[in-house]
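Before any comments, here is the structure.
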Amino acid sequence: MAQDYIKEIHEFWEIVKNSFRDTLPETAINLWFGEVEILSYQDDVITMGIASEMKFRIIQDKYLEQIEKSFTALFGFDVKVNLTYTGSAVRAQTLEPEKKPSAQKEANAQRISSYDFEYTFDNFIVGSTNTFAHAACVSVSNNLADRYNPLFIYGNSGLGKTHLLYATINQIKKNNPNIKIIYTKGEDFINQMVSCLANHTMEEFRDKYRKCDVLLIDDIQFIAGKVAMQEEFFHTFNALYEDKKQIILTSDRPPRDIKTLEDRLKTRFEWGLIADIEPPDLELRIAIIKKKAEQVNITIPNDVLNFLAENLRSNIRQIEGAIKKLGALTFLSGKSINMELAQECLSELLGGAEPLNVTVDKIFGAVYNKYGISKEQMISPKRNREIAAARNVCIYLIRDITEMSYPAISKIFNRDHSTVITSYNNMVSRYQLDAAFTMEMDELKKEINGIS
């Protein structure tokens, strides 16, 4: 993909410009972006030319970051945007942005960008693995510092914690336009404090954080192990809590599991409500893929939809990246979405992760080693007791380990999917009631997952 795709890049640029409509009037969009020219696209770098030096500096200073984010979101992979001033043949070069005072830099870093305001509760897809955290954020946004203070949300990266924070901010602002909200990341909180200590401006730092109405800190676990940071946040927390100001924190683990976090902070983090977000289950992944496909205006056939849902199991960010990349590939290549294109798209994103069919073959192999029943026997119509028992175990393990859909499993065993559902449910019941069977299955799972 290079110079040949300038026409398509122009079409993407129109979509990017439209993303500003929520925050800028039409006249402002035309003023700043109306004369931008797409010069080239090479090695995932888009070069744009601007004839006006003033417009160049405004876009470079205020809008470049959002432009890059929007292109990256559309393409599904990192895109760099270079701005070039083309107003003079002598000065046709990329200009350096004007330097700003450090105070202005900090203010810009703290400001929640307009790109983040695309996140709302309406476009957060709710499923069994995130419904509690979603409900907690909705409740807090409408009842500040009431029952759930602080609200502590934890879960692995890419599961939607930040989306919920931005959605909460948007809802709070909708309810209380003049409210003072501070959102920052744990690392940024640390860096700002270090800077203020060096510049002897700690009183300004304390006033900023202790006099807000709502404080949201993403990835609070980064303050763990840093004595001075924990001391400062301890007093900030107390000041806000006593003034009945809302505190919302996120982490990759619950408070009790954050090593080197002081006990007094762990205790305070547990004062309110703790909500976890787990990786999306199969049904939620299907719903997310459908929604993300709609957002980039692509249609995914059912077989490809199931294939993607069964293989993209890590997090929502991985799913978003796959759909956006699939959309970009189809747009730029002109090909319709099919299984071949989906497999090509996933081969890079999975980054060496074990393909689903390999895992399934491992399961068949483990069951054969345990019971002496081959794959050919298990997928055959034979119904004798030994084969049926091994088949049921295999169905259970495939569903439990891979979360493959019932229709997909039924194709493997050449059986009706209702039969597969019955088999799986029977095995789940036995797993819950039969201690010996539970140990047997756990050992098989460890073998299949390569756990010694």
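The values are calculated or read from the model by the stated rules, or taken from the named source; none is laboratory data. Since the structure is predicted, the reported quantities are computational estimates derived from the model, not experimental observations. All Cβ positions, even for glycine, are placed from backbone atoms using ideal geometry, and neighbour counts span all protein chains on display.
Before moving on, here are some points about what is shown:
- Any hit, the stretch 191-200, residues being among the β-branched types (Val, Ile, Thr), in the same structural domain as Ile248 (by TED's automatic domain parsing), within 22 Å of Ile220 (Cα to Cα) and in contact (Cβ under 8 Å) with a residue 24 or more places away in the chain: no
- Residue match in the stretch 303-313 (condition: in contact with a Lys or Arg (Cβ under 6 Å, 6 or more places away or on another chain) and among the polar types (S, T, N, Q)): no
- Residue in the stretch 303-319 that is touching a Gly at 6+ places or on another chain (Cβ under 6 Å), part of a helix (DSSP H, G or I) and either modelled with pLDDT of 85 or more or not assigned by TED's automatic domain parsing to the domain that holds Ser405 (or both) present: yes
- Yes/no for Glu232 being surrounded by 18 or more Cβ atoms within 10 Å (Cβ to Cβ), acidic (Asp, Glu) and either modelled with pLDDT of 90 or more or closer than 19 Å to Ile258 by Cβ (or both): yes
- Whichever residue in the stretch 261-315 is aromatic (Phe, Trp, Tyr) and closer than 30 Å to Arg147 by Cβ and, among such residues, is nearest to the chain's Cα centre (by Cα): Phe269
- Within this structure, Ile398 passes the test of being within 22 Å of Leu308 (Cβ to Cβ), surrounded by 18 or more Cβ atoms within 10 Å (Cβ to Cβ) and modelled with pLDDT of 90 or more.
- Single residue of the stretch 160-181 satisfying the filter (aliphatic (A, V, I, L, M) and in a helix (DSSP H, G or I)) that is nearest to the chain's Cα centre (by Cα): Leu164
- Boolean, Thr184 is over 30 Å from Leu282 (Cβ atoms), under 18 Å from the mean Cα position of the chain (by Cα) and outside any helix (DSSP H, G or I): yes
- The residues of the stretch 432-452 that are under 27 Å from Ile286 (Cα atoms) and buried (at least 16 other Cβ atoms within 10 Å of the Cβ) amount to a single one, Ile448.
- In the stretch 15-45, the residues that are within 25 Å of the chain's Cα centre (by Cα) and within 30 Å of Asn170 (Cβ to Cβ): Ile15, Val16, Lys17, Asn18, Ser19, Phe20, Arg21, Asp22, Thr23
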